[in-house]
Structure formats: structure tokens, C-alpha cells
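Down below is the structure, laid out as C-alpha cells.
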Amino acid sequence: MPAFRVNKVTPHIALLPMALTVLVAYIGAALWTFKTSFTASRTFASDNFIGAAQYVRLFDNERWLLSLHNLAVYGVCFIIACMVLGFLLAAFIDQNVSGEGFLRTVFLYPYAMSFIATGLVWQWMLAPGAGIEGAVQSLGFTSFRFDWIIDQELVIYTIVIAAVWQASGLVMAMMLAGLRGVDPEIYKAARLDGIPAWRVYLQIVLPMLGPTVATVFLLLCTAVVKLYDAVVAMTGGGPGTASEVPAKFIMDHLFLRSNIGLASAGAVTLLIPVLALLAPYAYARSRRKRA
Amino acid sequence: MSDTALQAAPMTFDTAPAARRKRRLSPARIGVYAFLFSAALYFLLPLYVMIITSFKSMDEIRSGNVFALPLFATVEPWQNAWRQVSGGFWNSVAITVPSTIIPILLGAINGYALSFWKPRGANLLFGVLLAGAFIPVQVMIYPLVWMMARAGVFGSLPAIVLVHVIFGMPIMTLLFRNYYASVPHELFQAARIDGGGFWRIFGQVMLPMSLPIIVVAAIMQVTGVWNDYILGLVFAGRDNAPMTVQLNNVINTTTGTRLYNVNMAATILTAAVPLAIYFFSGRWFVRGIAAGAVKG
């Protein structure tokens, strides 16, 4: 219809800010970082190309390898703990308990706060002497030790504890929404068949929540890669470099150690797992469209 | 309908709970309550410690138990804390207001154009934009610094607002696109036949019926911007540093005795705005959080 053809330009003009954001701030900036990762840039970006030398240097760098290791340990623990705790909270709340609204509020409020703020509280509660350790000792258990936050081997688990505290409420909220979408007839039928409740949840309901679980998993994975605030607030990467993570490594080399080339190589490396995660989603999406 | 993995799950809890059993206090139910009760303790403990510590004097903190209630409550730590972070508070307000209004407006325009006008290539652009929400900011941060330094705005209020516009755009666009996807297309067709143009239909038909999603978007954006640390640290500059950056400076870079009571009061002050939004907005917050979880 010709009437519908008028001002075809306006929608394009209206989407100009989005186009600029995508082309300049996302694609342009990512390509720029990719290019810089092959240069010898120090304080300022330079065009002195040195091939893959920055990547070689990066994977020779103890601190980077340690931060990758920390991220792996953190990622596995954080995702498993969040999923399990989030699902348990949702399943238990779903048992028609009283005070449901209150419990939901309590489990989700940490997510509303900045990790810079909450990380400081955890830092203090975990500090040896003052926090939990001191409190238990003053109860008479004088040999009680809880000094993970200053222990090189265990410090990363303190960040897991705080991060699970912050994020599992979100998992709970999304899982609970999924549970409420499950047909109540299923519970009735299972009860008639005499199947215990825990098996109903584990073997019937959980598989039905597949899409929710997948979404939650994707969200948690991206949160893992972005881990930065919690480390800055709780340990500053310490003791020493024991709780260093890639995002912090990159920030430090960009702004404190003026090694932009190395930082860019790190950023590109960090991009790979994200793209590897997104690819199956993009694939599933395009397939569904064609179907 | 949206077909992205990011789509907000329908966040309604008010449908009938799955298990409508008779309530009796069987061992299983005691177990349920015991689990939920201990979980609630774990979740509330940090907030409790924050609040009680902020009312204690340093002497009491040194001598007493971290979980004990204050014997002599004092508001002096609060006054001290406010002196240290009040500048950051107003900076955060100055950053958050434009960083909420502009992304919402742009998100609404994007969502409207994507849902009803479908210009050529727009969906591909949107796909890339969404993927951008998952990419760590470290990948984009230095080029953005360089561009802004070139444009002469680096380390200023416009710089930090622009960065929040850029990184808020995926979620804001997604929210409005999904919302408009549920609006009957006949409504749009009717407005077109009545001779409405792009902006007229947006301003007079779509925007007035977008209030619910605007509320959700505002809650998410205010919370996200207020809680941001890394972008404020890099782009805002010393004079505009948001509250989170100042809080971290106050606490993690001070040498000498740590004033835990002042620190905790400052922490509560920093968390107060998003916490208040959370406690007052309830389910709106949950709706937004489900779609906005991509951030952070």
C-alpha cells in the first residue's frame, strides 16, 4: 500500500543512536582492542605491530595464569553453589510455606546492593580476629580458626561465599517463577503413584525447567567472566596476588601499569569463552526462526 | 514474541502454589522451615552486622563481639560517614538522573522502531547489541577512553552518562521491544491509517501505554547505575566520582586504624538508594531484575 511507504527514512534516523552504539562502541571498540593486542602499545596505543608476542607474554605471565586458575575455581564453585542453593530455596519456598513474601524479600535483597558495599561487610566479617573468627573464639572455642581471607590457597573461596550470597537470590527468583509455571496436576499424579516429593522435583520438575536453568546458567557464566567489584572490595587481589582475576588484571595493566598491548591481549582472551557460550544460543535462535 | 534467551521470565508468584497440601507439622515440614530459617539467617547476617556496627563506638568494636548488639548506641559514625561520602552521594544523583532518562527514552524508541517499523537490517543490529550485553566491559573500555579523550570529554559528567547510555542500551531496548511485541499490531495499523507518522504514533499512542515498562526500566537503570563501580572509576573523573568509588577509596585506601563503625555507616548510606527502591517496589524490581540480570 503506497500510504504505508511514506517517511521510510524516519525509522532509520530514529535508530541512528543504536546503530552508532553498535558500530562504534561495541564492534568498533572490540576491533580496536583486537588490533591493539598485536601491537607493542604501552602507555599510549601505537601501531608498532609485533605479531602474537603479547599473547606469548600473557601466557608466560604468572599473574595472568594465576588469575585464570582463580577464575576457573571461582566459576565452578560459584555456579554450582548458586544453582543448587537457588533451586533448593525455590523448591522449599514452593512448599506452601507461611511468610513466603518475607523470605523472597530476604533472599533477593543482596542482589539490589553494589558489591562494593557488600564486599566490605564480608571483608570485615571474614577478617581474622575481628569477625566470625573472633566471635566464635569469644564463645570459648579459642582454637577456632577462620582466616581464609588471608590464606593464599583459600582466599578465592571467601569470594565465592560472598558472591553466592549475592546472586543465589536471583536464581531463586527465576527458578520459583519456573516452578509456578509447572502444571499442578503433575504433583497430584506423582503423589497418587507414591513417588516421594524429592524425586518429583529432581526427576520430573527439574527437567521441565530446562529453559529456565539454561538462562540462569548463561547469566551466571557471564557474571563469572565479569568478576571484578567483589575482588576489589574484598581483597584487592590479595594477599599478594592470590585472588587476582582476569578482569582485574586487565584493568590494572590498562590504567596502573600502562601496558595496553598486554591488557588488550587479555581482553581478547576473555572474549573467547563469552563467544563460545553465546554461539550455541545464537545457533538455537536462528534454527528456531527457520523452523 | 521475543525469541531470545534473555527474555524476562514471567515473574508472577501469585499463581497457586504447586503443592496445596493440608498444613500439618510433620517432620518433613519442620525440615522445610529449618532449612529456610537457616538460609534466611545466612542472608540477613551481613545486613545485621552492618547495621549494629554502624551504631557502635570504636572502643566497643575492639572489645566486643562482632554480632553483639551495641551497648551504647551512637550516631556519631553516621555523621562522620556522611561527611565523607555526601559529595559522592550528590555525584551519584547527578550521574543517575540523566543516565536513567536518556537510556529509557532511547530504549523506547529502539523497541518501538524494532517492533512496528522493522527497518531493514535493524534486527541484525539488535542481535549484535544484545550480544554486547554479555561482553566484559574490559574489551571496550580503553577504546572508549581514547575516543572520549579525543573528543575532549573524558573524565566528565557527560562522559560517564554517555557510557551508561551505551552499556544500558541492550537491556533497555530489549525490555521495550518485548513489551511492544505484546501490543496488538492492529492498534499500530489503525494509527497508521489515521495518518499518524513515526513520532506521532510513538508520542501519542505508544508512550502513554508504556508506563508499566517505564517503571521497570527506571528501577533497573537507577539500581544499575547507582551500583556501578568500574565505569564510574574510569570515566567520571575525580570531581564526579560516584558514591561507590568514593566509598571504596574511603575504606580500602585509608591507612592507620580502620574505623569500622564509620565504614559500615558509609556502606549503608551507599546501599540505601537501591535498597529503598528494592523494599518499596517489590515485584516491579523482580520483573526488572530477571531481564536485567545480564548486567553486573
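Below are the figures for this structure:
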{"quantity": "Cβ-defined net charge surrounding A:Ile204, 15 Å radius [Lys, Arg +1; Asp, Glu -1]", "calculated": "-1"}
{"quantity": "Cα gyration tensor shape for chain A, rounded if a/c is under 1.5, else prolate or oblate", "calculated": "oblate"}
{"quantity": "Segment A:Ala279-A:Ala53, extension gain: residue separation times 0.36 nm, minus the distance between their alpha carbons", "calculated": "78.6 nm"}
{"quantity": "10 Å Cβ neighbours from other chains, averaged over peptide A:234-247", "calculated": "1"}
{"quantity": "Neighbour-limited loop hits for chymotrypsin sites (Phe, Trp or Tyr not before Pro), the stretch A:80-183 (at most 12 other Cβ within 10 Å; DSSP other than H, G, I, E, B)", "calculated": "A:Phe141"}
{"quantity": "Charge tally in the Cβ shell below 11 Å around B:Leu71, where Lys, Arg are +1 and Asp, Glu are -1, B:Leu71 excluded", "calculated": "-1"}
{"quantity": "Of A:Ala247, A:Trp198, A:Leu103, farthest towards positive along the dipole that unit charges on Lys, Arg, Asp, Glu beta carbons give the protein assembly as shown", "calculated": "A:Trp198"}
{"quantity": "Lys, Arg +1 and Asp, Glu -1 on Cβ, resulting dipole of the stretch A:217-291 about Cα centre, debye, nearest 20", "calculated": "700 debye"}
{"quantity": "Theoretical ellipticity at 222 nm over chain A - DSSP helices of four or more residues, -39500 (n - 2.57) apiece, nearest 500", "calculated": "-20500 deg cm²/dmol"}
{"quantity": "Charge context of B:Thr244, other residues only, Cβ under 12 angstrom, K/R +1, D/E -1", "calculated": "-2"}
{"quantity": "Reachable aspartates and glutamates, given that their alpha-carbon falls under 12 Å from the alpha-carbon of A:Lys35 and they are not under 8 places away in the same chain", "calculated": "A:Asp47"}
{"quantity": "Qualifying trypsin sites (Lys or Arg not before Pro) in the stretch A:1-89, DSSP loop, other Cβ atoms within 10 Å at most 15", "calculated": "A:Lys8, A:Arg42"}
{"quantity": "Cα-centre dipole for the stretch A:1-78 with unit charges at Cβ (Lys and Arg positive, Asp and Glu negative), debye to 20", "calculated": "320 debye"}
{"quantity": "Principal axis box of the protein assembly as shown, alpha-carbon based, largest edge first, Å", "calculated": "85, 72, 47"}
{"quantity": "Cα centroid separation, the stretch A:102-153 to the stretch A:28-100 (Å)", "calculated": "24 Å"}
{"quantity": "Amide hydrogen neighbours beyond the local backbone of A:Thr39, cut-off 5 Å, H modeled", "calculated": "A:Ile50"}
{"quantity": "For the stretch B:165-241: span of alpha carbons on each principal axis (Å, largest first)", "calculated": "53, 20, 17"}
{"quantity": "Computed [θ] at 222 nm, deg cm²/dmol, chain B (DSSP H ≥ 4; -39,500 (n - 2.57); rounded to nearest 500)", "calculated": "-22000 deg cm²/dmol"}
{"quantity": "Under the span-like rule (Cα at least 18 Å along the axis, Kyte-Doolittle mean at least -1.0), DSSP H helices of chain B", "calculated": "B:27-54, B:76-112, B:138-151, B:157-181, B:211-227, B:260-281"}
{"quantity": "Cα-centre dipole for chain A with unit charges at Cβ (Lys and Arg positive, Asp and Glu negative), debye to 20", "calculated": "1340 debye"}
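Readers should treat all values here as calculations from the given coordinates under stated rules, not as data from a laboratory. Keep in mind it's a predicted model, so treat the numbers as computed, not measured. With ideal geometry, Cβ positions are generated from the backbone for all residues, glycine too; neighbour counts draw on all protein chains shown.
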